[in-house]
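One structure below.
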Amino acid sequence: MALPDVVVEGSVALVTGAAGGMGEHIARGLARRGANVVLLDRDETGLARVAQEIGRESPSVRVTTYVVDLADRAGTDTLIARVVSAHPDVNLLFNNAGVALGGRFVQTSEQDFEWLLEINLLAPIRITRALLPILIENGNAHVVNTSSLFGLVAPPGQTAYSTSKFGLRGFSESLRHELAEEDLPVGVTVVHPGGIRTNIAVNARVAAGVDEAESAAQKKSFAAMLSYPADRAAEDIIEATINRRPRLLIGQDAKALDVMARTRPAGYWKLMKASMAAVAKRKAKTA
């Protein structure tokens with residue numbers, strides 16, 4: 001049975017990674033549509049700024065902020081228990097928070113690899129597990145998990161990141177099918193953003209085995225791909241949520257690479273590498 005469109009006005013939405021980037025704009029866009037928002041991030045200053053902006057733009061909605069580092073499993077679980085108790089009317093969940101880690105598998109320590117998995121994959125799974133009973137009870141409910149372009153393709157130097165984003169994609173798709181088979185009032189959207197203009201490249205952690213020159217080159221190459229406006233991406237995500245879209249590709253790069261991964265599953269990297277080199281060359285000429 002197809003679920004009706006999500007009604008945002010009057011909803012209560014939890015958004016992780018809400019202190020900047022797409023998370024900030026998702027929160028602001030939901031608030032403008034009349035949703036009360038519960039915002040999580042480790043950046044206390046950024047959260048306060050976003051809450052202030054929402055209060056100015058949408059004074060009639062409730063804004064609650066919580067500071068948490070999703071890499072801290074015990075701290076996250078404690079906080080989510082508080083959120084469930086304080087906001088039993090939550091019906092929208094946006095697992096948006098994510099971090100990046102540059103480095104090949106042999107350059108990446110076990111500690112760094114697990115740090116990234118904890119934030120990008122395991123925290124969204126645990127948050128969803130904790131909230132799912134009240135989402136089912138409340139109805140008009142939807143879960144949005146932000147995967148990545150690198151949940152569609154897996155280039156070298158992104159072993160940890162791609163592992164987390166492919167995992168989140170698989171979790172989202174299987175959960176959506178399970179909920180649909182049981183006719184439960186919760187939908188799931190998995191989002192694959194392409195190059196969104198945020199600070200993810202600037203803030204990316206670099207594996208200890210990567211030298212400074214290689215790190216700088218990686219960040220420059222990654223940053224060159226980030227062109228799609230974060231506020232526009234957030235609006236795309238909100239509209240996909242309302243329409244219960246199971247899957248959202250953001251940007252022509254994500255759409256093109258999705259086709260490439262399906263038609264050239266063993267050879268897309270050569271094409272992708274050549275395309276990235278061409279983009280970098282054009283940018284160098286115009287700089």
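The values are calculated or read from the model by the stated rules, or taken from the named source; none is laboratory data. If you're wondering where the values come from, they're calculated on a predicted model, not measured in any experiment. All Cβ positions, even for glycine, are placed from backbone atoms using ideal geometry, and neighbour counts span all protein chains on display. Note: areas computed on protein heavy atoms with side chains; ligands, DNA, RNA excluded. Shrake-Rupley method; radii C 1.70, N 1.55, O 1.52, S 1.80 Å.
Out of Gly102, Gly98, Gly75, one residue alone is closer than 27 Å to Gln252 by Cα and not in a loop (DSSP other than H, G, I, E, B). It is Gly102.
Evaluate region 56-68: report whether one residue or more is in a loop (DSSP other than H, G, I, E, B), crowded, with 19+ Cβ neighbours inside 10 Å, in contact with a strand residue (DSSP E or B) (Cβ under 7 Å, 6 or more places away or on another chain) and not hydroxyl-bearing (Ser, Thr, Tyr). Yes, there is a match, as at least one residue in region 56-68 is in a loop (DSSP other than H, G, I, E, B), crowded, with 19+ Cβ neighbours inside 10 Å, in contact with a strand residue (DSSP E or B) (Cβ under 7 Å, 6 or more places away or on another chain) and not hydroxyl-bearing (Ser, Thr, Tyr). Counting only residues that are part of a helix (DSSP H, G or I) and either open to solvent by 10 Å² or more (accessible area, probe 1.4 Å) or not hydrophobic (A, V, I, L, M, F, W, C) (or both), region 5-55 holds 17 of them.
Quick check: anything in region 179-191 at pLDDT below 60 and open to solvent by 50 Å² or more (accessible area, probe 1.4 Å)? Looking for residues that are at pLDDT below 60 and open to solvent by 50 Å² or more (accessible area, probe 1.4 Å), one finds none in region 179-191, hence no.
Right, Ser275: at pLDDT 65 or above, open to solvent by 60 Å² or more (accessible area, probe 1.4 Å) and touching a Gly at 6+ places or on another chain (Cβ under 7 Å) or not?
Values: at pLDDT 65 or above: yes; open to solvent by 60 Å² or more (accessible area, probe 1.4 Å): yes; touching a Gly at 6+ places or on another chain (Cβ under 7 Å): no.
Taking the combined requirement at face value, the residue does not satisfy it.
Taking the criterion of being acidic (Asp, Glu) and either within 22 Å of Glu137 (Cβ to Cβ) or open to solvent by less than 30 Å² (accessible area, probe 1.4 Å) (or both), would at least one residue in region 79-93 satisfy it? Yes, region 79-93 contains at least one residue that is acidic (Asp, Glu) and either within 22 Å of Glu137 (Cβ to Cβ) or open to solvent by less than 30 Å² (accessible area, probe 1.4 Å) (or both). Here Thr45 meets each of (1) within 16 Å of the chain's Cα centre (by Cα); (2) farther than 23 Å from Ile242 by Cβ; (3) among the β-branched types (Val, Ile, Thr) with one exception, condition (1).
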